[in-house]
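Have a look at the structure below before the remarks.
The values are calculated or read from the model by the stated rules, or taken from the named source; none is laboratory data. From a predicted model like this one, the values you see are computed outputs, not experimental measurements. Glycine gets a Cβ as well: all are built from the backbone with ideal geometry, and neighbour counts include every protein chain shown. Areas reflect the complete protein model, heavy atoms only, side chains present, ligands, DNA and RNA absent. Shrake-Rupley method; radii C 1.70, N 1.55, O 1.52, S 1.80 Å.
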Amino acid sequence: ESKMGELPLDINIQEPRWDQRTFLGRARHFFTVTDPRNLLLSGAQLEASRNIVQNYRAGIVTPGLTEDQLWRAKYVYDSAFHPDTGEKVVLIGRMSAQVPMNMTITGCMLIFYRKTPTVVFWQWLNQSFNAVVNYSNRSGDAPITVRQLGMAYVSATTGAVATALGLKSLTKHLPPLVGRFVPFAAVAAANCINIPLMRQRELQVGIPVTNEQGQRLGHSVAAAKKGIFQVVISRICMAIPAMAIPPVIMDTLEKKDFLKRRPWLGAPLQMGLVGFCLVFATPLCCALFPQRSSIHVSRLEPELRAQIQEQNPSIEVVYYNKGL
């Protein structure tokens, strides 16, 4: 028997607070997850949230806790600790660091796009940051080896730098605005290399597919391909607003007297524009596809399809976690 006003123990804090089958629910979830203000929380605040969540899962309600406070604690806990290992994620690898880190790196890529050494440096830094994020948010089911990580990192960096320098030399004779889009092309190319390589194990052995109730039915490479493709698309979409809108605005502004008289304003202005785009683009593009995606049984590998149809002939759709 619980005392008056105490929280019931049946709130499912394993799942997000909002309905993940709708775009709006997913967007609200990711706005909370990527909130940069979570970076400012002290170690003590993180520990307090961890205690609330772990106690609640163990059936102990912290006295006087409201439902809002419980959800807040869950999101703070999720923002800083790895879901599978439970260890604290390094600060720059957290989802809440995405916006400020990407704002700085993307801003610098867009500002220093003219000289080869700076192009190489910022593309390299961006891929190094990506490697930290991908490692920090890896799925606990298919641990990636350090060798695979290193390979993905080197390949993505080489791909990004090669794309950036190759396009940079091609755009010499084109209007200046075209040159401003080179960093975006390089980032898009790197994403297409980096993510499949980081998750190559899933492409070899497949990822678990489940029925609606969450029971595992087997492993599927087809589902892994679809999940990875969705992640590549959402990562590229995430970069589009921040890397495509500011260059157009800056190109227009730099022709105006206002900026010609105050050239020092260019860089901070561009950073601000990038940050503004990222605050919205990051959560909205994470929300494009449901975290728990589905795939038609008819699109699975023949062996797995036969196995599922034999055991559960009524199942038409299976589910999988697409990763981030």
Query raised in the report: With 33, 76, 61 as the choices, which residue is surrounded by 15 or more Cβ atoms within 10 Å (Cβ to Cβ) and farther than 21 Å from residue 95 by Cβ?
Result: 61
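Can you name the residue in the range 273-290 that is assigned to a helix (DSSP H, G or I) and open to solvent by 50 Å² or more (accessible area, probe 1.4 Å) and is also nearest to residue 323 (Cα to Cα) among such residues?
Step by step, filter the range 273-290, then rank; the result is 284.
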Requested in this report: Pull up the range 82-105, narrow it to residues that are among the hydroxyl-bearing types (Ser, Thr, Tyr) and at pLDDT below 90, then point me to the one that is most open to solvent (accessible area, probe 1.4 Å).
Outcome: 85
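Please go through the range 145-164 and give me each residue that is part of a helix (DSSP H, G or I) and among the hydroxyl-bearing types (Ser, Thr, Tyr), ordered by number.
If we filter the range 145-164 for residues that are part of a helix (DSSP H, G or I), which is where we start, we get 146-164.
153, 155, 157, 158, 163 - these are the residues of the range 145-164 that are part of a helix (DSSP H, G or I) and among the hydroxyl-bearing types (Ser, Thr, Tyr).
Where residues in the range 148-165 are among the hydroxyl-bearing types (Ser, Thr, Tyr) and farther than 15 Å from residue 109 by Cα, which of them is surrounded by the fewest Cβ atoms within 10 Å (Cβ to Cβ)? It would help to see each step written out before you state the result.
From the range 148-165, those among the hydroxyl-bearing types (Ser, Thr, Tyr) are 153, 155, 157-158, 163; that's our starting set.
From the residues that got through so far, the ones that are farther than 15 Å from residue 109 by Cα too are 153, 155, 158.
Values: 153: 21, 155: 17, 158: 15.
For the range 148-165, the residue satisfying everything is 158.
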Query - Check on residue 119, under 23 Å from residue 241 (Cβ atoms), at pLDDT below 85, among the aliphatic types (A, V, I, L, M) and open to solvent by less than 40 Å² (accessible area, probe 1.4 Å) - result: no
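Inspect all residues belonging to the range 264-272 and state whether any of them is in the same structural domain as residue 102 (by the TED database), open to solvent by 70 Å² or more (accessible area, probe 1.4 Å) and of a type outside the set (Ser, Thr, Tyr). Show your work before the answer.
Filtering the range 264-272 down to residues in the same structural domain as residue 102 (by the TED database) leaves 264-272.
Checking the rest, the ones that are also open to solvent by 70 Å² or more (accessible area, probe 1.4 Å) come to 264, 268.
Cutting the leftovers down to of a type outside the set (Ser, Thr, Tyr) gives us 264, 268.
Yes, the range 264-272 contains a residue that is in the same structural domain as residue 102 (by the TED database), open to solvent by 70 Å² or more (accessible area, probe 1.4 Å) and of a type outside the set (Ser, Thr, Tyr).
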Report task. For residues that are more than 30 Å from residue 254 (Cβ to Cβ), in contact (Cβ under 8 Å) with a residue 60 or more places away in the chain, open to solvent by 40 Å² or more (accessible area, probe 1.4 Å) and assigned to a helix (DSSP H, G or I), tally how many sit in the range 173-218. Result -> 1
